[in-house]
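Some notes on the structure that comes next.
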């Protein structure tokens, strides 16, 4: 019987005993480097806008990475990052980057619409890839990318890294322990008033789900298991936006989304995301203290304090201990922008990541299914899955 056919409690318990072995099956084995091989992965970063300002400081401190080139279609941005982080080469086009200073791992921080074709071009050129979300625009395209990478003995990973936080690990262990009893429901939310610095968020291939909802969808499927079906409503609340350097634009992708997931065994979750959510903490959402993710069972309740990309703790209440107690307040070094550094570490040491391309592609399928559900008014059955449970010691 496959995993999705098992009793949820039995499957989770079995997953704990399997440990790390179960987590490594999504990717081909990657042995640690032989003696004498370089212990630092040469990294090329493409996309030198705002997100690079978060990734590059982390990569600069990573003992497994050496950033050797930067690329941006705005050459001045690549030149600025090269000066700022002492990167020896910078380029105005991906073709020049791939033909220039040799590197091993492409870190793709470009607009969402550019990820799929740039990831393909890098893999075809023999590069490992760490990509910001999403790694592809459709499940089929992403599976083709992954198959290509494996044929060439290359690795492909995609953000977000929410399953690597100690708060996620605590929540997964709490569920597996049975402390919440039989699970029934979960809710997650993430939103703000929408970026003004680029139009790509609102254009075809953008939208609130691949930009914002992707975090919560990754967390909920990581905690509750792969979704079997999606029912959703998505909409455009603000049809015109004013964008820096462009002025007024027409919004073509959803800026408001409500997504229901059927995880099997009666468990249903709900995610909402949007670019019309007032947040007193501003766009960054820093210092958020609300519960943005809640998990409910018949014996207990659990709420993540803050966002899953910047968690501050987990509140838990159960029948045995009905007074809510805050647990796992230490982030233990976890930050949302650590993915490329983790990828470099994996390539050097052979240590497998909890982040897998199959999980990322499952979330891509959920997003496309949500849009199909809105267009058709139907419940959409899903085809993809990933190795689950995601349990750490």
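The values are calculated or read from the model by the stated rules, or taken from the named source; none is laboratory data. The shown structure was predicted, so the numbers you read here are calculated from the model rather than taken from an experiment. Methodologically, a virtual Cβ is constructed for each residue, glycine included, from the backbone with ideal geometry; neighbour enumeration extends over all protein chains shown.
Note down all Cβ pairs under 9 Å where the first residue falls in the range 235-249 and is under 18 Å from residue 277 (Cβ atoms) and outside the structural domain of residue 371 (by TED's automatic domain parsing), the second is at pLDDT 95 or above and part of a strand (DSSP E or B), and they're at least six residues apart or on different chains.
Close Cβ pairs (under 9 Å, with a partner that is at pLDDT 95 or above and part of a strand (DSSP E or B)) do not exist here.
For the condition more than 18 Å from residue 380 (Cα to Cα), touching a residue at least 40 places away in the same chain (Cβ under 8 Å) and in the same structural domain as residue 169 (by TED's automatic domain parsing), what is the one hit in 283, 270, 263?
On the way: 270 fails: more than 18 Å from residue 380 (Cα to Cα); 263 fails: more than 18 Å from residue 380 (Cα to Cα).
On inspection, the qualifying residue turns out to be 283.
Can you tell me which of 207, 282 is out of contact with any strand residue (DSSP E or B) (no Cβ under 8 Å at 6 or more places or on another chain) and on the phi > 0 side of the Ramachandran plot?
282
Look at the range 283-316 and say how many of its residues are over 19 Å from the mean Cα position of the chain (by Cα) and part of a loop (DSSP other than H, G, I, E, B).
Selection size over the range 283-316: 6.
Identify, from the list 254, 245, the residue that is surrounded by fewer than 23 Cβ atoms within 10 Å (Cβ to Cβ) and either part of a loop (DSSP other than H, G, I, E, B) or touching a strand residue (DSSP E or B) at 6+ places or on another chain (Cβ under 9 Å) (or both).
245
Going by the structure shown, is residue 323 exposed (fewer than 15 other Cβ atoms within 10 Å of the Cβ), in the same structural domain as residue 168 (by TED's automatic domain parsing), part of a loop (DSSP other than H, G, I, E, B) and touching a residue at least 60 places away in the same chain (Cβ under 8 Å)?
no
Might you check whether a residue that is assigned to a loop (DSSP other than H, G, I, E, B), touching a helix residue (DSSP H, G or I) at 6+ places or on another chain (Cβ under 8 Å) and surrounded by fewer than 24 Cβ atoms within 10 Å (Cβ to Cβ) occurs anywhere in the range 215-228?
yes
Within the range 326-350, count every residue that is surrounded by fewer than 22 Cβ atoms within 10 Å (Cβ to Cβ) and assigned to a loop (DSSP other than H, G, I, E, B).
Looking only at that region, the number is 8.
Output yes when any residue across the range 88-110 is touching a helix residue (DSSP H, G or I) at 6+ places or on another chain (Cβ under 6 Å) and surrounded by fewer than 18 Cβ atoms within 10 Å (Cβ to Cβ), and no when none is.
yes
One line per residue, one yes/no per condition, for (1) assigned by TED's automatic domain parsing to the domain that holds residue 281; (2) closer than 30 Å to residue 235 by Cβ; (3) at pLDDT 95 or above; (4) out of contact with any strand residue (DSSP E or B) (no Cβ under 7 Å at 6 or more places or on another chain):
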position: 300; (1), (2), (3), (4): yes, no, yes, no
position: 328; (1), (2), (3), (4): yes, no, yes, no
position: 359; (1), (2), (3), (4): yes, yes, yes, yes
position: 367; (1), (2), (3), (4): yes, yes, yes, yes
position: 393; (1), (2), (3), (4): no, no, no, yes
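Regarding the range 147-162, can at least one residue be identified that is surrounded by fewer than 21 Cβ atoms within 10 Å (Cβ to Cβ) and closer than 25 Å to residue 259 by Cα?
No, every residue in the range 147-162 fails to be surrounded by fewer than 21 Cβ atoms within 10 Å (Cβ to Cβ) and closer than 25 Å to residue 259 by Cα.
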